[in-house]
Protein chains: 2
Amino acid sequence: MTTKYLLPEDRIPRHWYNILPDLPTPPSPVLHPGTLQPVKPEDLAPLFPSRIIEQEMGMEREVAIPEEVREALARWRPSPLFRAHALEKALGTRSHIYYKYEGVSPSGSHKPNSAVAQAFYNAKEGVKRLATETGAGQWGSSLAFAGQLFGLAVTVYMVKVSHEQKPYRRSMMRTWGAEVFASPSSQTQAGRRILEEDPKSNGSLGIAISEAVEDAATHEDTKYALGSVLNHVCMHQTVIGQEAREQMALAGEYPDVVIGCHGGGSNFAGIAFPYARDKMNGKQVRLVAAEPASCPTLTRGTYAFDYGDTVKMTPVVKMHTLGHDFMPPGIHAGGLRYHGASPLVSSLVHAGVVEAVAYTQKGCFEAALLFAKTEGIIPAPESSHAIKAVVEEARKADEEGRERVILFNLSGHGHFDLAAYDQYLAGGLEDHEYPREAIERSMGNLPKVELG
Amino acid sequence: MTTKYLLPEDRIPRHWYNILPDLPTPPSPVLHPGTLQPVKPEDLAPLFPSRIIEQEMGMEREVAIPEEVREALARWRPSPLFRAHALEKALGTRSHIYYKYEGVSPSGSHKPNSAVAQAFYNAKEGVKRLATETGAGQWGSSLAFAGQLFGLAVTVYMVKVSHEQKPYRRSMMRTWGAEVFASPSSQTQAGRRILEEDPKSNGSLGIAISEAVEDAATHEDTKYALGSVLNHVCMHQTVIGQEAREQMALAGEYPDVVIGCHGGGSNFAGIAFPYARDKMNGKQVRLVAAEPASCPTLTRGTYAFDYGDTVKMTPVVKMHTLGHDFMPPGIHAGGLRYHGASPLVSSLVHAGVVEAVAYTQKGCFEAALLFAKTEGIIPAPESSHAIKAVVEEARKADEEGRERVILFNLSGHGHFDLAAYDQYLAGGLEDHEYPREAIERSMGNLPKVELG
């Protein structure tokens, strides 16, 4: 009985897969937040190094991964693919469940896949410091680690609710030499403005992004790094799906359905885009993005132009959005508390290539606990949304008398989220249903875009 | 440049290596705590299932690993062996440094290697519940996980200072369904007696062992499980060294020195015993156990008969000891705060097969931080003692103009120990030197053994 499928180090992919040229509809332009007209690559130069801007907009289908980045990835990649025999047995399902485990990375999630690439390109172009935001701390700790590898200082604006819920994530970033501020902070104009309006603000990814962007834009030697949403980040994550395809072949199976949790979109894109490529080439495969019911961007949001941040400093992109000033409830899956979504994933949902589902957190923790007890890995609250979707897929398949091959991305472990498990076990966890009124309110504030 | 050496699942060892028949001097008898005369196997029956008692005393050199145990180990084994290129570069050393990484297990350390074996044998013999102690929580969480796998309830007595320092370890045990008490607790006579004498007692492994042994001895359906020290535990851990030997061969090298941290002895035995076998067969290899200067069992203790616990309930064994009522300072490496040592490792130190070194904690954290920044893994405080020894070995080799091949066991990650890193980074960590007076005092209380 084989439990895991490993690949040798030389099977770390040599190219990232850029899905942009393969989208069913051409990508929408990126707009300037002031003029609401298309930006030119040079408009992004205060925020990103030139190679990242090229990757963000490039139409090359396969982008070579620099050797230095492959060497950094070799610390933990290829990541293992597991057959979840024990979970299958506990569910009593006929379906075969596989998971790609990204928790083996230094920071315990998929995030370093893009962090090392971004740190590499910034260092190569002479940048000295990176400013970024983080939700649950997965991205911040990944960039702290990557900055350390390539000799860059890192400043992290960490969403306040997570800063308080997950103190060890903060410690991890400091251990890797990063400077960490709870966001909204008094370090930036954006942060001070939010604090004036609401001194008790929980923070949100939208606010923390505003702070990090302002920090980068106002310091000569500093650029900005984003852990999700953007095209280049999704592309960097495609090493996950490329490896998974090869490992599924070792297992002698091809998935009927591929599942990832969805916040900004990067881990979902990572596992799903290489399969989306297959699908657009005629292969039968379903792609399912699982998001929180309390922040239901793909299932309830509008596909429209919106700002990436709360304070309207970032470019405006066409994406599924709940409105840039929507404040999600303080659920434990901090990494999924984002009003927007990857424009690429949004476009694929709009085109019907990707399906989306939404779950409330208690059901996700229940699924995560079953997973921990059977498979022995305690999942991150974000990843628990994917597990919940897997459990539902297997149940439906059994009801229909079918046997499905289900593949999902276990994007990270929950070693820094155990307070949330405590709260769940003590019965103290709240479910947040679809926050209709708050969303309707923020939807009223979408920018009015008229393209010339 | 190869970073890691992986083995396929079918290379999980098929046998444990039992060093007992190969010891340079025959093993000393195990004594009854009341009579101080040799015990018979049946005297241990209230504590352990029969197959474990056989393994504790057996003289079979290779003991077959049951398939059910190999399947459980396959969740994370074979564990990876890494070449520490980045650490070597940072040290500027000519030496080659390799580490076997046991942090990939469910609980993040080597401990599940024995936990799954012990849970399997107990379940097979109809035991319903296991009682155990834990220091930093590595063993307790491992047994919680293993109990879950084989359908056993688990009760853990957790040393109070760690219970407070490492709340997430506690949560992890509860997530895997275990019942956890801070020790000394009011659950047992032993605990109540200690609390009467010192209501503010920090606890120690010796006390927690007394509580777990009492719990097992006074409940029909319950047995005791120990995470270190005993022969069968050391034997279960030899999968580490067996895999490492094979992986070092893949790397085309044989170590000049093999290093592990040392508390009770299990992770050290795991990496070192298969090499000790080579050494006793004439191979040139140094074996170095690294322990805390504040609890210097191997470097400063006496090789004598002593109790395994504080309240004198366990059998009496010949080992390096600081005295069963020695109370170690509350250092962060909770897993190394034990007054005694594995009788097997003690015997090998006594025979000159194994060397021992001791370090204070600040130097260990400094080495651990360097490791985290270069290799990307945040080590457990216990493992940091091995890293400190590695740094010293490499430095000495460079001074002597030599190039050494150094292999060490990175026994676990420090995801639950980040408060300790915070304290170190903030300059708030204390060093505890050799506690001479306390040790001299406890040495006066060794049992007076006269064998017939």
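With the largest listed first and rounded to whole Å, the semi-axes of the equivalent ellipsoid of the range A:375-452 from the Cα gyration tensor are 32, 23, 15. Starting from the label point of A:Glu403 at 7 Å along Cα→Cβ, the same points in the other copies fall at 5.4 nm, in ascending order. From the alpha carbon centroid of the range B:427-452 to that of the range B:10-53 is 26 Å.
Neighbouring Cβ atoms from other chains, within 10 Å of the Cβ of residues in A:105-112, number 2 on average.
Counting only heavy atoms of the protein chains and using a 1.4 Å probe, A:Arg193 has close to 130 Å² of accessible surface.
Net charge dipole, the range A:69-205: roughly 400 debye, given to the nearest 20, about the Cα centre with Cβ charges of +1 for Lys and Arg and -1 for Asp and Glu. Across the range B:250-397, the relative contact order, built from alpha-carbon pairs under 8 Å that are at least six residues apart, equals 25 percent. Convex hull volume of the C-alpha atoms in chain A, normalised per residue: 130 Å³.
For the range A:306-452, the pair-distance distribution built from all alpha carbon pairs, in bins 5 Å wide starting at 0, is 2, 9, 15, 17, 18, 16, 12, 7, 4, 1, 0, 0 percent. A dipole drawn for chain A from +1 and -1 charges on Cβ atoms has a positive end, and of A:Met235, A:Pro199, A:Ala386 the residue lying farthest that way is A:Ala386. Plainly put, the tip 7 Å out from Cα toward Cβ on A:Leu195 is 4.4 nm from that tip on each other copy, the closest given first.
Kirkwood analysis of the range A:96-157, using all unique Cα-Cα pairs, places the hydrodynamic radius at 12.0 Å. Overall, the protein assembly as shown carries a charge dipole of about 620 debye about its Cα centre when +1 sits on the Cβ of Lys and Arg and -1 on the Cβ of Asp and Glu, all other atoms neutral. May I ask for the percentage of alpha-carbon pairs in the protein assembly as shown that lie more than 51 Å from each other? Everything past 51 Å amounts to 17 percent. Per the Kirkwood formula applied to alpha carbons, the range A:13-90 shows a radius of gyration over Rh ratio, Rg over Rh, of 1.15.
Magnitude of the charge dipole for the range A:403-452, about its Cα centre and with charges confined to Cβ atoms of Lys, Arg (+1) and Asp, Glu (-1), is about 240 debye. The heavy atoms of B:Leu6 offer some 60 square angstrom of accessible surface to a 1.4 angstrom probe. Can you compute log10 of I(q)/I(0) for the range A:245-304 with the Debye formula, treating each Cα as one identical point scatterer, at q = 0.12, 0.17, 0.21 Å⁻¹? Debye intensities relative to I(0), on a log10 scale: -0.34, -0.64, -0.87. Between copies, the label points at A:Glu125 (set 7 angstrom from Cα along Cα-to-Cβ) are spaced 6.6 nm, reported in nanometres from shortest to longest.
Diffusion coefficient (Stokes-Einstein, Kirkwood radius over C-alpha pairs, 37 °C, 0.692 mPa s) for the range B:207-341: 203 µm²/s, rounded to a whole number. Two decimals is fine: what is log10 I(q)/I(0) at q = 0.18 Å⁻¹ for the range A:32-137, from a Debye sum with one equal scatterer on every Cα and no solvent? The computed values of log10 I(q)/I(0) come out as -1.03. The share of Cα pairs per 10 Å bin across the range B:132-201, counted from zero up to the longest distance, runs 24, 48, 24, 3 percent.
Rounded to the nearest 5, what % of the DSSP beta bridges within chain B are antiparallel ones?
Here the share of antiparallel DSSP bridges comes out near 35 percent.
The mean number of Cβ atoms from other chains found within 10 Å of a Cβ in peptide B:414-427 is 4, as a whole number. Distance to the A-onto-B rotation axis is smallest for one chain A Cβ; residue and value in angstrom are A:His415, 2. Solvent exposure of A:Glu164, expressed as accessible area, is near 130 Å², computed with a probe of 1.4 Å over the protein chains only. Kindly identify the range A:273-366 as rounded, prolate or oblate by the Cα gyration tensor criterion: order the square roots of the eigenvalues as a ≥ b ≥ c, call it rounded if a/c is under 1.5, otherwise compare a/b with b/c, prolate if a/b is larger, else oblate. Since a/c reaches 1.5 but b/c is at least a/b, the shape of the range A:273-366 is classed as oblate.
Computed with a 1.4 Å probe over protein heavy atoms only, the accessible surface of the range A:104-224 comes to 31 Å² per residue. A viscosity of 1.002 mPa s and a temperature of 20 °C, combined with the Kirkwood radius over Cα pairs in Stokes-Einstein, give a translational diffusion coefficient for the range B:161-249 of 139 µm²/s.
The relative contact order of chain B comes to 19 percent, based on Cα pairs under 8 Å that sit 6 or more residues apart. The Cα trace of the range B:128-283 gives Rg and Dmax of 18.0, 58 Å, the first to one decimal, the second as a whole number. Between chain B and chain A, roughly 3500 Å² of accessible surface gets buried, counting both sides and using a 1.4 Å probe.
Extension gain, A:Asn445-A:Asp431: 0.36 nm per intervening residue step, less the Cα-Cα distance, totals 2.4 nm. In the range B:166-184, burial by the other protein chains removes 50 Å² or more of 1.4 Å probe accessible surface, compared with the chain on its own, from B:Tyr168, B:Ser171, B:Thr175, B:Trp176. A straight line joining the Cα centroids of the range B:111-187 and the range B:205-242 runs 11 Å.
The values are calculated or read from the model by the stated rules, or taken from the named source; none is laboratory data. Because the structure is predicted, anything quoted here is derived from the model rather than measured. Reconstructed Cβ throughout: ideal geometry from the backbone, glycine too, with neighbour counts over all protein chains shown. The area values use the complete protein model at the heavy-atom level, side chains included, leaving out ligands, DNA and RNA. Shrake-Rupley method; radii C 1.70, N 1.55, O 1.52, S 1.80 Å.
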